[in-house]
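Working notes, structure below.
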Amino acid sequence: MPKSAIRLYAVILALLGGLYAGPAGAAELKVLSTEAMRATLEELAPAFQAASGHKLVITYAADADVEKKVASDETIDVAILTKPGADKLVKNAKLVGGTAEVLAKGPAPDVVYMVGSSFACEQPLAAKALIDYLIGPAGKKVIQAKGLQTS
């Protein structure tokens, strides 16, 4: 087979492969959240996915279980949990301190929910985009509508 035919074949395969690769830069984010934030995430997730092209795979658990799963180095891109749990995970180098942000404050002054990226994160740029979205104007609007406060 002549070299030009091989090159043409390679170019066609590359182009066809690009068509089936999906949106460039799209990631699947594994999110682990406390049950208390379920209604908020269920409302915000579709808008974030549509705007970013990223897919969210969200799992909910009790506060203590979220902390345990993040501490176990399970692959989690973004975790949402209470402030004491987040502080403990940052101290133990399981949650990236620079990504930990206050997401919402509950009805009691000591109930604060944090969002952050775990050290086991496989998609750090997409995780940062989600964190920014959740603490941004769209996230704050939904959080406040759910009766929680934002910072």
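The values are calculated or read from the model by the stated rules, or taken from the named source; none is laboratory data. Remember, it's a predicted structure, so these values are computed and weren't measured experimentally. All Cβ positions, glycine included, derive from the backbone under ideal geometry; neighbour counts span all protein chains shown. Remember, those area values only see protein heavy atoms, side chains included, never the ligands or the DNA or RNA. Shrake-Rupley method; radii C 1.70, N 1.55, O 1.52, S 1.80 Å.
If I go through region 117-137 residue by residue, how many of them are open to solvent by 50 Å² or more (accessible area, probe 1.4 Å) and touching a Phe, Trp or Tyr at 6+ places or on another chain (Cβ under 8 Å)?
1
Limited to region 63-120, what total is found for residues that are of a type in the set (K, R) and under 25 Å from V142 (Cα atoms)?
Summing the residues that are of a type in the set (K, R) and under 25 Å from V142 (Cα atoms) in region 63-120 gives 2.
Quick check on K91: is it modelled with pLDDT under 95, surrounded by fewer than 16 Cβ atoms within 10 Å (Cβ to Cβ) and either more than 19 Å from E122 (Cα to Cα) or in contact with a strand residue (DSSP E or B) (Cβ under 9 Å, 6 or more places away or on another chain) (or both)?
yes
Do you know which residues across region 132-151 are of a type in the set (S, T, Y) and touching a strand residue (DSSP E or B) at 6+ places or on another chain (Cβ under 8 Å)?
Within region 132-151, T150, S151 qualify.
What number of residues within region 94-116 satisfy the criterion of being in contact with a Phe, Trp or Tyr (Cβ under 7 Å, 6 or more places away or on another chain) and either of a type in the set (F, W, Y) or at pLDDT 95 or above (or both)?
Summing the residues that are in contact with a Phe, Trp or Tyr (Cβ under 7 Å, 6 or more places away or on another chain) and either of a type in the set (F, W, Y) or at pLDDT 95 or above (or both) in region 94-116 gives 0.
Within region 107-128, work out how many residues are over 19 Å from D63 (Cα atoms) and touching a helix residue (DSSP H, G or I) at 6+ places or on another chain (Cβ under 6 Å).
Residues in region 107-128 being over 19 Å from D63 (Cα atoms) and touching a helix residue (DSSP H, G or I) at 6+ places or on another chain (Cβ under 6 Å): 1 in total.
Identify the single condition in (1) open to solvent by less than 30 Å² (accessible area, probe 1.4 Å); (2) out of contact with any Ser or Thr (no Cβ under 9 Å at 6 or more places or on another chain); (3) touching a residue at least 40 places away in the same chain (Cβ under 8 Å) that S151 does not satisfy, given that it satisfies every other one.
It is condition (1) that S151 fails.
Quick grid of which residues meet (1) open to solvent by 70 Å² or more (accessible area, probe 1.4 Å); (2) among the charged types (D, E, K, R); (3) within 13 Å of L29 (Cβ to Cβ):
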residue: A51; (1), (2), (3): yes, no, no
residue: L56; (1), (2), (3): no, no, yes
residue: E67; (1), (2), (3): no, yes, no
residue: T75; (1), (2), (3): no, no, yes
residue: K83; (1), (2), (3): yes, yes, no
residue: A104; (1), (2), (3): no, no, no
residue: A108; (1), (2), (3): no, no, no
residue: V111; (1), (2), (3): no, no, no
residue: V115; (1), (2), (3): no, no, yes
